[in-house]
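The block underneath contains the structure these notes are about, expressed in structure tokens.
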Amino acid sequence: MNGKVMVGYMSQTGNTKKVAEAIYETIQGEKTIANLNQLENLEGYDIAFIGYPIVQEGPPSKAVNFLAEHGQGKKIALFVTHGAGLSLPPLQDWLQKCRDAAGNSELLGVFNCQGEVSQKVRDMMASSDVPKLQMYAKMAYLADGQPDAENLERARVFAQGIMEGI
Ligand SMILES: Cc1cc2nc3c(=O)[nH]c(=O)nc-3n(C[C@H](O)[C@H](O)[C@H](O)COP(=O)(O)O)c2cc1C
């Protein structure tokens, strides 16, 4: 028996929510799925999958604060979506920031995949005078259609692995 599982997520345009739902479907037993905005704490849950998009090259402050306040000593698995391709070098730094932000929990694993970048963000980056952001705007199309069926399947396999490992 695994105990109670929470799948908590943040998602502005639905990408991370899709991953959250794929993870949720996979989990057997007592489970709850909730938007982090509606989740007060993790009391009563033995393990929590916590997901969010990368914003401005790192985890969103809301997720960082939530993990700092409620993650201590908890078994946590992270799932993260981002516009960047998996081979974009800075992605590893952003994911490291995610791991660091879960530092006081018992971190069981981190899943990440691409998520389609909204038009609003593309326009914002394209009109920026920061060369790096202009480059990200040009590359954004590489995440079109993500998370796709293959990435959602990867998320299910990740969740299964986490649940089997505890
Ligand atoms: C304000 C903002 C900033 C973003 N910054 C980044 C970034 O620094 N790197 C990146 O790879 N993607 C970035 N993205 C893209 C999102 O991480 C990506 O589209 C994600 O899948 C959105 O997830 P959601 O639909 O669950 O909100 C940003 C998106 C927004 C809205």
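The order of H70, H82 by accessible area, most exposed first and with a 1.4 Å probe, is H70, H82. Shown are L95, L108, L86, whose ranking by accessible area with a 1.4 Å probe and every protein chain present, most to least, is L86, L108, L95.
In a reduced charge model with +1 at each Lys and Arg Cβ and -1 at each Asp and Glu Cβ, region 36-166 shows a dipole moment near 220 debye about its Cα centre. A 1.4 Å probe, protein heavy atoms only, puts the accessible area of I23 near 0 Å². The heavy atoms of K18 offer some 100 square angstrom of accessible surface to a 1.4 angstrom probe.
For I33, the residues 5 or more places off, or on other chains, whose built amide H falls under 5 Å of its own are V7.
Each residue of region 121-138 is assigned a 3J(HN,Hα), and the resulting list reads 5, 4, 5, 4, 5, 5, 8, 6, 9, 8, x, 4, 6, 5, 5, 4, 4, 5 Hz, derived from the Karplus form 6.51 cos²θ - 1.76 cosθ + 1.60 (θ = phi - 60°), x at Gly and Pro.
How large is the dipole of region 107-166 about the Cα centre if only Lys and Arg carry +1 and Asp and Glu carry -1, each at its Cβ, rounded to the nearest 20 debye?
On the way: 6 positive and 8 negative charges, 39 e Å.
Computed charge dipole of region 107-166: roughly 180 debye.
Ranking of K31, K138 by solvent-accessible surface, largest first: K138, K31 (1.4 Å probe, protein heavy atoms only, all chains present). Take the Cα of E69, go 7 Å toward its beta carbon, and the backbone nitrogen atoms of region 1-38 under 13 Å from that spot belong to 36-38.
Going by amide H atoms built from the backbone, whose H comes under 5 Å of the H on G109, apart from near neighbours? Counting only residues 5 or more places away or on other chains, the set is L78. Using a probe of 1.4 Å, the accessible surface attributed to R156 totals some 60 Å² when neighbouring protein chains are kept in position. Straight-line cross-link partners of K138 among the lysines, defined as a Cα under 20 Å from its Cα and at least 8 positions apart when in the same chain: K120. Please name which of N65, P90, G115 has its Cα lying farthest along the dipole of the chain towards the positive end, using unit charges on Cβ (Lys, Arg +1; Asp, Glu -1) and the Cα centre as origin. It is P90.
Restricting to region 15-166, what percent of DSSP beta bridges are antiparallel, rounded to 5? It would help to have the intermediate numbers written out before the result.
Values: 0 of 15 bridges.
In region 15-166, approximately 0 percent of DSSP beta bridges are antiparallel ones.
How large is the Kirkwood hydrodynamic radius of the chain, in angstrom, based on all distinct alpha carbon pairs?
So the Kirkwood estimate lands at 16.1 Å.
For the pairs K18/K74; K97/K132; K4/K74; K74/K97, note any where the Cα-Cα span goes beyond 22 Å. Beyond 22 Å: K18/K74. Near the amide H of G51, within less than 5 Å, lie the amide hydrogens of G8, Y9, M10, F79, all on another chain or at least 5 residues away, with H placed in the peptide plane.
The values are calculated or read from the model by the stated rules, or taken from the named source; none is laboratory data. Being a predicted model, the structure only gives us computed values, none of them experimental. Virtual Cβ from ideal backbone geometry, glycine too; neighbours counted across all protein chains shown. Only protein heavy atoms, including side chains, enter the accessible area calculation; ligands, DNA and RNA are left aside. Shrake-Rupley method; radii C 1.70, N 1.55, O 1.52, S 1.80 Å.
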